[in-house]
1. At a 1.4 Å probe, what is the % contribution of carbon and sulfur to the accessible area of region 202-341?
2. 5 Å is the cut-off here: which amide hydrogens, built 1.01 Å from N in the peptide plane, fall below it relative to CYS145, excluding neighbours closer than 5 in sequence?
3. For a Förster distance of 41 Å, can you work out the FRET efficiency between the beta-carbons of VAL10 and GLU258, rounded to the nearest 0.05?
4. Obtain the nm distance between the two label points defined at PHE470 and VAL211 by a simple spin-label model: each point lies 7 Å from its Cα along the Cα-to-C-beta direction.
5. Nothing charged except the Cβ atoms of Lys and Arg (+1) and of Asp and Glu (-1): what's the magnitude of the dipole of region 241-302 about its Cα centre? Round to the nearest 20 debye.
6. Could you report the accessible area of SER41 in Å², rounded to 10, computed with a 1.4 Å probe on the protein chains as they sit in the structure?
7. Search the structure for amide H atoms under 5 Å from the amide H of GLU114, placed 1.01 Å from N in the peptide plane, and list their residues when 5 or more places away or on another chain.
8. What residues qualify as long-range amide H neighbours of ILE337, i.e. H under 5 Å apart, gap of 5 or more or another chain, H built at 1.01 Å from N?
Amino acid sequence: MEFNAVTAGVWGKTLRKVIPAVVVLQVSACAFDTYSASVGSATGFVVDKRRGFILTNRHVVRPGPVVAHAIFSNGEEVPVHPIYRDPFCSIVEVHDFGFFKYDPSAIKFLNYEEIALAPEAACVGLEIRVVGNEKVSISPGIITCLDRSAPHYNKDGYNDFNSFYIQAVSGTKAGSSGSPVIDWQGRAVALNAGGNTSRKSAYFLPLERVVRALRFLQKGSETYVDIWMPVSIPRGTLQVTFLHKVFDETRRLGLRSETEQTVRHASPTSETGMLVVESVVPGGPADKHLEPGDVLVRVNGQVTTQFLRLETILDANVNSNIELQIERGGSSKCLTILVQDLHSITPDYFLEIGGAVIHPLSYQQARNFRFHCGLVYVAEPGDKFLEARVPRHAIIKKFAWEEISCLEKLISVLSKLSWGVQVPLEYISHVDRHQRKLVMVTVDCHEWHAPPQIYTRDDSTGLWIAKPAFQPDSPSESMDWFSWLSKTNLEPSLVYEYGLIFAQNERLKKKT
C-alpha cells in the first residue's frame, strides 16, 4: 500500500508538470492526397518553448492546406502553422509525425515547460501515461512490445510502413492523436498514433527520427520569428516496402544457413529476423532490381536487419548509389541502386479547377495503388468532375484526346480549350486499374467556382500561395459537341465512340 501511495504521488507531480505543455489542436484541412476536407481536433505538445515548436502526428499537420489553432490548458489560444510534416514517402520513413510553430510571446498567463524527448527510455514493462484529448484525459498503460508492425488503417489512405511501432496496454480516446507518451520522469518516450478500442491497445511511434528532425529544425532558428526559414532535412528512398520476417520465414524464402549464421553472429543477443521486400513501386529506383521475397543482407557492406539502420544509411546517401546484398531463392546477388530524394516525389502544389483538387500522385498513393509516382491524381473531384462521374482517387490518362502524363500537360491542354466545350476525359481507378473509363467534362468558367488556380506551399509561412493556372481567353459562346468535332481531326471510329458517350451524357442530364 505504501509503494502505491508513493507511486501515485510521483505520477501526480509529474502530470502537474506535463499538462500545461499539452495543447488541443483545432484543425481545418482541405482535400489533398489521401485526405478529404475535414474539421477536427487532436493533441500536440510543446517540445521547444523558445522557438515555439509543437509536436503532433503527421495526419494532424496534414500535407495539404490547413488552418490551425492551439489551445493551452488555461484556455489561451494561438494560431499555429505547419513547418514540417514527415514526407509521404520513403523506404522507411513514412512516419506519422509533424511540427507546428507558434509565437511563444502570445502566451501571457500560463507557466509551462517544454517536454523532453527520450526515445532511449522506451522499454517493455515501462509504466506510461498518455496525456491528451480536449479534457486533458490521462490514459495509464504499460509498454508490451517495441517491434510491432506498423498499424494498417485503410487501403486507399495514409499508412505508416517500414517501421517498428511500440504497443501498449492502454485505452486512448478519440482526439488523442499526437499525445505525448510520458514516463514517470515526465519525458516523452513515444508519440501516440492510433489504437484499437475493442482490445484496449494503443500504438505509439518511436521518437528516434523525430529527435533527428527536431535537431534540424532547431538549427534553422534560434528564436521565434515571423518568417520561418525552411530547413532541408535529407530524406532518401528506394520506393520499396520492407517487412521484418523472423528467421523461420526467411528460411522458407530460401535464406541460406551460412547467411543466417553470419547475421546472427553480427547481433548475437537481440536479432530475431531480417528485412524482406514486400513491394516495389513501378518506375522507382528499385524497380527491375528488387523483387517481392528478396531478403536484405547487407547495405554498403553492413549487415542490416533493422529499419532504423537502413533509414540512416538512406538519409546519408541521397542522390548517391548504395550497394545492396540480397538473397533471392537461395542465391546471393549484389545490386547497385541510386537513392532518390524523397522530397522530390512529395507533392507540394495542386491545381484547383471547378472545386476539384488535382496534383501529382504521391509515393504514399503510388505504393497503395501500384502506380508510378507523378501521375495526374484526383484528390477531390469537386462538383463538375463528380457530375461527370469522375471519382476520388482517379488517375487522369487522357483529356480532350491528348495523353496526360503529368499535371503540367493537363494545364497546357486546358489552356487551349474554348470555354463551354464538352471534351472527353479518360481515367483509370485503383479498383479497376486495367480498364480506362470515358466520361464527358464541360469546360465552363461560368459554372466553376473560380478560374483554375495553382496553389504552391510556402514553407516559410506555412501558407499556400495561389496564382492563375493560365490566362484564359475571353469566354466564348457555348459550343456544342458537333461544333467541337468539326474542329478536330479524329478517326471515324473515335468520332463514333465519343459520340455515344456524349449522347449517354445528355440522356443522364435530362433524367436529373
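The values are calculated or read from the model by the stated rules, or taken from the named source; none is laboratory data. Given the structure is predicted, the values throughout are model-derived calculations rather than measurements. Here the Cβ is made from the backbone with ideal geometry for all residues, glycine too, and neighbour counts use every protein chain on show. To get the accessible areas, we keep the full protein, side chains included, count just its heavy atoms, and leave off ligands, DNA and RNA. Shrake-Rupley method; radii C 1.70, N 1.55, O 1.52, S 1.80 Å.
1. Details: 3090 of 6380 Å².
Carbon and sulfur together cover 48 percent of it.
2. For CYS145, the qualifying residues are GLN167.
3. Numbers: r = 51 Å, r/R0 = 1.25.
The value I calculate is 0.20.
4. Here the answer is 5.2 nm between the modelled labels.
5. Values: 7 positive and 9 negative charges, 23 e Å.
Charge dipole of region 241-302: 120 debye, to the nearest 20.
6. Per-residue accessible area (SER41): approximately 40 Å².
7. Amide H neighbours of GLU114: LYS49.
8. HN-HN under 5 Å from ILE337: ILE322, LEU324.
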